[in-house]
Amino acid sequence: MKQNIFNHHYRWLLMAMAALMVVSLTSCKDDEEGMGTPVITAVRSCDPAKADSTFTKAGAGSLIAIIGQNLAHVQKVYINDQQVYFNPTMNTDHSVVVTIPTEDKGFKLTAFNSDLKDEIRVETSHGTAVYSFKITAPWPSISRIQGIYPRQAGDVLNVYGLNLVDLEQVYFTDITAEQLDTTEWETVGGNHIMASNVESVMQDHHQNSRTQAYETTSQLKVTVPDLPFEKGSLVFECAGGTTYIAYSKYPGAPLINDISSDMPVPGELVTLYGREFVQIESIRFGDVTLSPKQFTVAESEDEISFIMPAVPSDESNNGLITLVNPGGEGSYRFWALDGCFARFDGDATDNGWGPNVTFETANGDDPPYTGDGKMAHFLVEDEGTQWWGQMIYFRKDWDGNKFPLPGFDVIPADASTDDVYLAFEVFNNNSHLNNGKYTGYLRYFLQYDSEDPVPENDDSGNANPADQVNQYDTFRWDDYGAGTFHHDRPVLADINGEAPMGKWYRAVVPLSKFGKYRDKNYQFVVEKGINQFRIQYINQGSARGDIDVYIDNVRIFYKK
């Protein structure tokens, strides 16, 4: 079931007002001039397609029409005891149009402020009208449940999610989550058994640093009732919507949602994220199988970590990592070679440009030991100003073939280049990068044969020369001629914008950072193909510093 979303565009207002004129104008004689006792009879959406529907609740940010009688000459409108702006030119005897403010604008919800009232109050020159109305928190979601197996009546489940507030009902149903995912429904069907008890453990209401919207990280304890079924769903009906998650008396199959690196090197710490990480019997990929002594399951049962012992052999590799428990198996894309450009083991061809990095095999004694063939090594001591430094510069082969790219079954054709990355494993051995003083950086270049036009100028009115050659320099030029710039993300940043030292991890660069991929999708990338890549160290500033960086497994990676 999808959340109703109110139309916020004021261009619909005139159409909405026309639709609202169908509301009954019946009133007593005293109300003929609109000066009788004001009354609110309903709240409607300002979307003409929904003008015939009334609501008793809406989300913050919604544009609504307050419908009633004798509503002319409005002086103030209050929602949740907070005065809100209304457009007086849209005020008639029968309606007032209001946009419910959002929390980032200072509006407070009753879910987190018990002293406020769930009501709309309209004050006119001739009286006040009050109407019960709920402003809801954002749409709820359940990420996982955790508890012992087999589950019996009286057992307590820890339920984790977002916006699990303003609870109306919490119950179990014998309708499975898979059925709910794949069918249209207005209300959850099946045999409903109410939870024996629901207790709030944590409601961390905060502003999301990325979206600026407010959300609530929730944890609740739910006591299992006596259930006549072994499988179904746990359902939370909140004022903001209905959410559910699969429930089973016995462990379900593991579900992997994410992994710290899709192509780690031996010795790298690997962490899988998901749910039903219960009674895990083994982890396997290719010809490698890990026993419980070789991995660690978090107490929350949503993370598993292990040290990568070896790379699967090419003959056995199926491009998946699989978790096994009594409930079944769960797999995730792992060490898939269809997006790998170079492992530096004869799978690509060095262009031979200089100065070149060195390609080294593991020494077996000191970090960064990998046991995974050769790796590229940038090593520069006390480097000063230079405009052309060490590089990795490879092509697929001298026959003009292109590097392999994942198919559209792996990366959707319409996936934004914001979500498709150039990725590689990196070991930064305490280089001076990102220290706030040293200005060295890495230049990335992806080449394809094309006559595509140069991208439009940026906001400064100056074309970035790097865009002309599908290049990204990890910084934005302030003055190309003078070589001044500032970094827009740390050099060698991972998916979270971090650049740790002294350990292997996956570094990524969004393809949208490359000028000719900006505002494009993955289909564009595939159609053009990629036949060469370059990763080059450069220091155009005056500060001197050391670079000691290992790189391996250059590839294309997707994450939505």
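The values are calculated or read from the model by the stated rules, or taken from the named source; none is laboratory data. In this text, all values refer to a predicted model and were calculated from it rather than measured experimentally. Virtual Cβ from ideal backbone geometry, glycine too; neighbours counted across all protein chains shown. These accessible areas exclude ligands, DNA and RNA; they are computed on the full protein's heavy atoms, side chains included. Shrake-Rupley method; radii C 1.70, N 1.55, O 1.52, S 1.80 Å.
So the values come out like this:
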item: Spatial separation of Cα centroids for the stretch 356-426 and the stretch 179-239, in angstrom; result: 44
item: Dipole axis of the stretch 93-191 (+1 Lys, Arg; -1 Asp, Glu on Cβ), positive-most option in Ile100, Ile120, Ile148; result: Ile148
item: Thr187 versus Thr92: modelled label distance in nm, points set 7 Å from Cα along the beta carbon direction; result: 3.4
item: Met202 accessible area, assembled protein chains, probe 1.4 Å, Å²; result: 80
item: Protein-only accessible surface order, largest first, of Tyr332, Tyr550 at 1.4 Å; result: Tyr332, Tyr550
item: Asn356 long-range amide H proximity, modeled H, under 5 Å; result: Met391
item: Cα lying deepest toward the dipole's positive end in the chain, options Met308, Gly328, Leu157, charges on Cβ; result: Leu157
item: Dipole magnitude of the chain about its Cα centre (Cβ charges: Lys, Arg +1; Asp, Glu -1), debye to nearest 20; result: 720
item: Charge context of Leu323, other residues only, Cβ under 14 angstrom, K/R +1, D/E -1; result: -4
item: For Asp409, solvent-accessible area (1.4 Å; no DNA, RNA or ligand), Å²; result: 140
item: The stretch 267-309-the stretch 99-131 distance, computed between alpha-carbon centres (Å); result: 50
item: Protection proxy ranking, peptides 532-539, 496-503, average beta carbon neighbours within 10 Å, highest first; result: 532-539, 496-503
item: Value of [θ]222 nm, deg cm²/dmol, for the chain, DSSP H segments ≥ 4, -39500 (n - 2.57) each, nearest 500; result: -1000 deg cm²/dmol
item: Selection of GluC sites (Glu not before Pro), the stretch 247-324, meeting DSSP coil and at most 10 other Cβ within 10 Å; result: Glu299, Glu315
item: Positive-end residue of Pro510, Gly529, Pro490, charge dipole of the stretch 482-560 with Cβ unit charges; result: Gly529
item: Principal axis dimensions, the stretch 252-378 - Cα atoms, whole angstrom, descending; result: 54, 30, 22
item: Among 377-386, 204-213, 239-248, 336-345, the order from most to least packed when residues are scored by Cβ within 10 Å on average; result: 239-248, 336-345, 377-386, 204-213
item: Heavy-atom SASA rank of Lys396, Lys560 (probe 1.4 Å, accessible area, largest first); result: Lys560, Lys396
item: Charge context of Val278, other residues only, Cβ under 12 angstrom, K/R +1, D/E -1; result: -2
item: Packing-based order for 510-519, 186-195, using average beta carbon neighbours within 10 Å, highest first; result: 510-519, 186-195
